[in-house]
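First the structure, in the form of structure tokens, and then the observations on it.
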Amino acid sequence: MSKLRVRMYNVRFGDAILVSVPDKAKNGKETMRHILIDMGNLLNGKEGADDVFEAVLDNVIEEVGTGRELDLFVMTHEHLDHAQGLLYCSVEHGKTIKAKHAWLTASAEPTYYDTHEKAKEKKMEAEAEYRRIRGLLQAAPGAGDERLDGLLAINNRHLGAGEDGEDTRSTTDCVDFLRTLAPEKKTHYVHRETDLEGKHPFKEAKLALWAPEEDTSDYYGKFVPLALASVPVGTAADGVATPPEPPPGVDPQAFKDLVAAMGAGMAENIRAIDEAANNTSIVLSLEWRGWRLLFPGDAERRSWKTIWRELKNGDELGPVDFLKVSHHGSETGIPFPEELVERLFPRDRPDGPIPAVVSHYPTKAFAKIPADEQMSEVFDGRCELHYVFDECPEDRPWLDYEFEAKE
């Protein structure tokens with residue numbers, strides 16, 4: 001009997017997921033259709049090594065069929081750990097795969113900010129803050145840390161495109177490339193209220209979007225003031241910026257504490273920028289022959305809270321049978337509030353706890369990810385946690401989860 005399969009690839013700190021779905025037409029003919037959700041990872045350190053992508057794409061092409069197209073490509077949101085891999089394979093290895101349809105998060109539409117004034121205002125504020133933090137770190141390198149560097153790298157879309165338009169470490173260039181995977185008329189920028197009719201080829205499987213909202217302005221938090229914005233910075237003989245010196249009459253230790261406080265403020269502000277992008281994630285629900293699978297990208301608390309507010313009175317939020325854990329298992333990626341958790345992951349299911357799969361890589365930059373203790377507390381008796389990096393066998397870089405028709 002045909003089975004649906006979810007293949008979770010080990011791309012270290014990032015996401016790459018191939019969902020292979022037996023799809024039956026009204027005449028009874030069954031076609032295996034394939035959805036690729038994201039492909040990317042971090043930029044810094046081993047957690048972002050680019051050498052993982054070629055083997056992943058090779059396997060995707062093998063599964064779909066050489067020369068054939070994906071039925072659907074989904075870019076959940078504009079972060080490199082979800083968007084980098086396909087451009088990298090195209091530039092470095094001359095390999096790519098096309099798609100019949102592509103879904104990109106609504107705010108990635110090229111003219112989105114021309115028609116959404118509140119979101120534009122928030123985005124411009126975020127871009128200005130990003131550039132300010134980057135400039136301060138260049139001027140006072142001692143104020144940062146690995147986590148701050150990692151967050152800046154993930155959110156570099158605020159810097160714009162690379163000079164040649166094919167910079168595999170520019171989010172802007174990666175997203176531009178993903179816009180070309182499907183024909184222009186079949187590249188769709190989607191949100192919760194998008195009418196999906198005609199935007200995918202599935203006949204039997206039911207696809208639904210729980211997020212994001214069309215207007216992304218609600219996803220932005222407030223920025224804290226940074227204390228050292230006007231402190232003069234020295235320049236060494238080689239032209240490299242040197243850490244700021246205490247102004248005359250200022251206690252050196254007090255000034256050092258001020259630099260540390262600025263670092264904390266920068267981390268808080270770049271985290272707010274990061275959360276805003278994460279919360280624009282496409283949250284995709286897939287129903288097939290009695291099963292419901294949930295792929296929430298990197299949705300964090302603001303998105304989960306909005307999902308509950310907007311959908312709690314409808315029929316969409318039924319129990320799920322598979323979860324791609326959001327945001328690599330961070331505490332803020334855990335579904336929220338408690339009522340939503342109970343609706344999606346009821347205890348004492350006849351089949352026992354469902355698989356909840358975390359894509360992660362151990363890294364100092366994000367030492368609190370995955371939040372094992374918090375996930376275990378929330379998912380206890382509801383989900384069985386699996387970790388892609390830890391559980392992948394040596395002979396293949398993926399984990400498979402299969403579902404046989406219930407009905």
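Every number in this text was worked out from the coordinates using simple rules, so none of it is lab data. What you are looking at is a predicted structure, and each value in this text was computed from that prediction instead of being measured. Ideal geometry is used to build each Cβ from the backbone, glycine not excepted, and the neighbour counts take in all protein chains shown.
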Inset, instruction - Using R₀ = 41 Å, calculate the FRET efficiency as 1/(1 + (r/R₀)^6) where r is the Cβ-Cβ separation of GLU127 and GLU184; round to 0.05. - result: 0.95
Inset, instruction - With springs connecting C-alpha atoms under 10 Å apart, model the chain as a Gaussian network and identify which of GLY48, GLY162, GLY94 has the largest mean-square fluctuation. - result: GLY94
Inset, instruction - Collect residues whose amide H, placed 1.01 Å from N in the peptide plane, falls under 5 Å from the amide H of MET32; neighbours closer than 5 in sequence don't count. - result: ASP23
Legend entry - Residues with amide H under 5 Å from that of ALA99, placed H, sequence gap 5 or more: LEU70, ALA182
Legend entry - Listed residues THR31, HIS77, TYR219: farthest to the positive end of the dipole of the chain (Cβ charges): THR31
Legend entry - Per-residue [θ]222 nm for the chain (sum of -39500 (n - 2.57) over DSSP H runs n ≥ 4, rounded to 500): -9000 deg cm²/dmol
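Nearest 5 percent is fine: what portion of the DSSP beta bridges confined to the chain is antiparallel? Mind dumping the intermediate values first?
Working: 32 of 52 bridges.
Among the beta bridges of the chain, antiparallel pairing accounts for roughly 60 percent.
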Inset, instruction - Tell me the Kirkwood hydrodynamic radius of the range 319-403 in angstroms, computed as one over the mean inverse distance between distinct C-alpha pairs. - result: 13.5 Å
Legend entry - Rough spin-label spacing in nm, given labels placed 7 Å along Cα→Cβ, for GLN374 and ASP58: 3.8 nm
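Can you tell me which of 360-367, 154-161 comes out highest on packing, and rank the rest after it, using the mean Cβ neighbours within 10 Å? Intermediate results must be reported in sequence, preceding the final value.
Details: 360-367: 18.5, 154-161: 20.1.
The packing order, highest mean first, is 154-161, 360-367.
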Inset, instruction - Work out from phi, with θ = phi - 60° and the Karplus expression 6.51 cos²θ - 1.76 cosθ + 1.60, the ³J(HN,Hα) of each residue of the range 333-340, listed in order in whole Hz, and give x for Gly and Pro. - result: x, 5, x, 8, x, 4, 5, 5
Inset, instruction - Note down the nm distance, to one decimal, between modelled labels 7 Å out along Cα→Cβ at GLU391 and at ARG309. - result: 3.4 nm
Inset, instruction - Multiply the residue gap between LYS206 and LYS364 by 0.36 nm, knock off their C-alpha separation, and tell me the result in nm, one decimal place. - result: 52.9 nm
Inset, instruction - Quick one: among HIS77, HIS191, HIS93, which has the greatest mean-square fluctuation in a GNM of the chain with alpha-carbon springs under 10 angstrom? - result: HIS93
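Could you calculate the FRET efficiency of GLU30 with HIS93 from 1/(1 + (r/R0)^6), where r is the beta carbon distance between them and R0 is 30 Å, rounded to 0.05?
Details: r = 33 Å, r/R0 = 1.10.
That gives a FRET efficiency of 0.35.
What is the range 77-193 by shape, rounded, prolate or oblate, if you read a ≥ b ≥ c off the alpha carbon gyration tensor as root eigenvalues and call it rounded for a/c under 1.5, prolate for a/b larger than b/c, and oblate otherwise? Could you put the intermediate results ahead of the total?
On the way: a/c = 2.51, a/b = 1.36, b/c = 1.84.
Taking the square roots of the gyration eigenvalues as a ≥ b ≥ c, the range 77-193 is oblate.
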Legend entry - Karplus-derived 3J(HN,Hα), 6.51/-1.76/1.60, for each residue of the range 381-386, Hz, glycine and proline x: x, 10, 9, 9, 7, 10
Inset, instruction - Could you rank the peptides 8-20, 206-218 by their average count of other C-beta atoms within 10 Å per residue, with the highest value first? - result: 8-20, 206-218
Inset, instruction - Please name whichever of SER359, SER303, GLY333 sits farthest to the positive end of the charge dipole of the range 266-407, dipole taken about the Cα centre and charges placed at Cβ: Lys and Arg +1, Asp and Glu -1. - result: SER303
